Amino acid sequence: MKKIKPLIVLASLFIALTLIIPAVLVLPFSGEHHASGKLGEDLTKVPAKETKTPGPSADAAVEVAVFRSAKSKIEKVPLEDYLVGVVAAEMPAEFKQEALKAQALTARTYIVKRLLTKDKMGTPKGAQVTDTPIHQAYKSDDQLRKEWGMKYDEKKKKILEAVRATSGQILTYKGEVITATFFSTSNGYTENSEDYWPSTYPYLRSVSSPWDKTSPKFNFQKVLTVKEFEAKMGVKIGSSGTIGKIVEKTAGKRVGKVDFNGKVLSGKDIRDKLDLKSSDFAWERKGNNIVITTKGFGHGVGMSQYGANGMAEEGADYKKIVKHYYQGVEITSAATMLATITAQK
């Protein structure tokens with residue numbers, strides 16, 4: 001047997017290394033992520049660890065069954081497209097990018113929690129969510145094209161970038177996905193959840209929101225006749241100039257309770273009965289009319305959209321915005337939950 005020449009050995013070694021080294025270098029940066037969940041595990045709970053933003057593919061595998069109310073039909077929409085449609089419907093595209101990111105994050109948190117818990121409340125059979133503010137407002141790409149016209153490309157790009165910048169992220173509190181409520185405009189403060197709804201959430205606390213005062217929806221006035229007021233409220237005020245007595249205020253400086261000669265109504269009840277913009281209201285009688293003025297627009301619990309934009313205008317990023325309006329929360333990867341939702345199909 002002839003001896004193998006050193007040059008041949010070196011050449012063989014070089015060829016082998018050129019094949020092995022690229023494979024070793026690619027593995028850690030392949031962008032592939034694997035997630036798994038155990039049976040019986042609370043899938044709305046995740047490690048409360050803030051993570052870096054994953055790529056735009058994080059939402060890609062999930063679909064949302066949206067009931068289109070105008071057409072009375074269900075459309076299956078990829079999660080990323082759904083979030084773009086929600087952000088576009090819920091917040092003006094002219095808002096600052098960091099505010100749009102905050103809205104995208106709250107919208108994803110809302111729908112991920114709903115899909116995980118299989119909450120079908122308020123939806124027809126086969127749908128997971130409606131396109132109305134009962135859940136989250138949503139507009140399709142066709143609707144946005146018609147609405148935005150010549151500015152479609154510019155606005156779509158801006159909102160898509162906001163959604164992708166938060167791709168795969170959700171908000172959690174002590175490892176559990178939060179109820180990420182939001183609204184248009186505060187009266188200068190947000191509400192404690194239990195001051196408006198029955199449930200108490202430790203992250204939905206009253207915080208100051210001074211940026212809202214520049215919102216075009218901050219002030220509103222409504223005029224009702226005395227008879228209309230009495231009929232809607234189920235009370236009698238007759239010729240009296242006094243219209244009930246406010247006996248309680250909320251932490252968010254809204255009306256808590258009003259006493260109408262022994263009949264006590266909550267600020268929320270009054271807002272609903274009179275269809276007011278806010279439960280921060282005042283009224284006065286002028287002849288046979290009652291003039292009602294309100295501050296703010298919406299229920300007041302969670303993130304104020306105009307407040308978020310005001311924070312963004314002052315230089316706050318989306319992380320600072322959401323952590324102001326949702327106390328004690330973490331921005332967490334939803335990879336495990338998104339994989340679970342996909343596996344449930």
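Would you pick out the residues in the range 230-244 that are more than 13 Å from G262 (Cα to Cα), of a type in the set (A, V, I, L, M, F, W, C) and touching a helix residue (DSSP H, G or I) at 6+ places or on another chain (Cβ under 8 Å)? The one that is more than 13 Å from G262 (Cα to Cα), of a type in the set (A, V, I, L, M, F, W, C) and touching a helix residue (DSSP H, G or I) at 6+ places or on another chain (Cβ under 8 Å): M233. Checking the structure you have, find out if any residue of the range 219-226 is crowded, with 17+ Cβ neighbours inside 10 Å and farther than 25 Å from S184 by Cα. For the range 219-226, residues crowded, with 17+ Cβ neighbours inside 10 Å and farther than 25 Å from S184 by Cα: present. Residues in the range 150-194 that are in contact (Cβ under 8 Å) with a residue 60 or more places away in the chain, farther than 22 Å from I111 by Cα and aromatic (F, W, Y): Y189 alone. Is at least one residue of the range 224-234 more than 17 Å from K323 (Cβ to Cβ), touching a strand residue (DSSP E or B) at 6+ places or on another chain (Cβ under 7 Å) and among the β-branched types (V, I, T)? Among the residues of the range 224-234, at least one is more than 17 Å from K323 (Cβ to Cβ), touching a strand residue (DSSP E or B) at 6+ places or on another chain (Cβ under 7 Å) and among the β-branched types (V, I, T), which makes the answer yes. Listed by first and then second residue, the pairs with beta-carbon distance under 7 Å, at least 6 apart or on different chains, first residue in the range 274-290 and more than 19 Å from K213 (Cβ to Cβ), second outside any strand (DSSP E or B) and among the aromatic types (F, W, Y), are I290/F229.
This table checks each residue for (1) acidic (D, E); (2) farther than 30 Å from P78 by Cβ; (3) surrounded by fewer than 21 Cβ atoms within 10 Å (Cβ to Cβ).
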site	(1), (2), (3)
K236	no, yes, yes
K245	no, yes, yes
V255	no, yes, no
G296	no, yes, no
G300	no, yes, no
Q305	no, no, no
A343	no, no, yes
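Among the residues of the range 325-343, not a single one is out of contact with any helix residue (DSSP H, G or I) (no Cβ under 7 Å at 6 or more places or on another chain), assigned to a strand (DSSP E or B) and under 22 Å from F183 (Cβ atoms). Taking the stated definitions as given, is D142 part of a helix (DSSP H, G or I), surrounded by fewer than 20 Cβ atoms within 10 Å (Cβ to Cβ) and either without any contact (Cβ under 8 Å) to a residue 40 or more places away in the chain or out of contact with any Asp or Glu (no Cβ under 6 Å at 6 or more places or on another chain) (or both)? So D142 passes the test. Any residue at all in the range 182-202 that's within 28 Å of T336 (Cβ to Cβ), in contact with a strand residue (DSSP E or B) (Cβ under 9 Å, 6 or more places away or on another chain) and in a loop (DSSP other than H, G, I, E, B)? Within the range 182-202 (the criterion being within 28 Å of T336 (Cβ to Cβ), in contact with a strand residue (DSSP E or B) (Cβ under 9 Å, 6 or more places away or on another chain) and in a loop (DSSP other than H, G, I, E, B)), the answer is yes, since at least one residue qualifies. Restricting attention to the range 256-275, the residues that are under 19 Å from L224 (Cα atoms), part of a strand (DSSP E or B) and under 26 Å from the mean Cα position of the chain (by Cα) add up to 0.
Of the residues making up the range 198-212, those that are surrounded by fewer than 21 Cβ atoms within 10 Å (Cβ to Cβ) and either modelled with pLDDT of 95 or more or within 14 Å of I321 (Cα to Cα) (or both) are T200, Y201, P202, Y203, R205, S206, V207, S208, P210. Exactly one residue out of A308, A231, A316 is assigned to a loop (DSSP other than H, G, I, E, B) and not basic (K, R), and it is A316.
Report yes if G149 is small (G, A, S) and either in the same structural domain as G252 (by TED's automatic domain parsing) or in a helix (DSSP H, G or I) (or both), otherwise no. Spelling it out, G149 is indeed small (G, A, S) and either in the same structural domain as G252 (by TED's automatic domain parsing) or in a helix (DSSP H, G or I) (or both). If only residues of the range 285-326 that are modelled with pLDDT of 95 or more and of a type in the set (D, E, K, R) are counted, the one that is nearest to G188 (Cα to Cα) is K295. Is one or more of the residues making up the range 133-143 over 17 Å from M91 (Cα atoms), in the same structural domain as T172 (by TED's automatic domain parsing) and either modelled with pLDDT of 95 or more or not charged (D, E, K, R) (or both)? Within the range 133-143, one or more residues are over 17 Å from M91 (Cα atoms), in the same structural domain as T172 (by TED's automatic domain parsing) and either modelled with pLDDT of 95 or more or not charged (D, E, K, R) (or both).
The set of residues in the range 260-276 being closer than 16 Å to K222 by Cβ and touching a helix residue (DSSP H, G or I) at 6+ places or on another chain (Cβ under 8 Å) consists of I270, K273, L274, L276.
Taken as a whole, the condition of being charged (D, E, K, R), out of contact with any His (no Cβ under 8 Å at 6 or more places or on another chain), over 18 Å from N219 (Cα atoms) and at pLDDT 95 or above applies to K257. Looking across K118, K96, K101, one residue alone is surrounded by fewer than 18 Cβ atoms within 10 Å (Cβ to Cβ) and out of contact with any His (no Cβ under 8 Å at 6 or more places or on another chain). It is K118.
The values are calculated or read from the model by the stated rules, or taken from the named source; none is laboratory data. Small disclaimer: the values here were computed from a predicted structure and weren't measured. Every residue, glycine among them, receives a Cβ derived from its backbone with ideal geometry; neighbour counts consider all protein chains shown.
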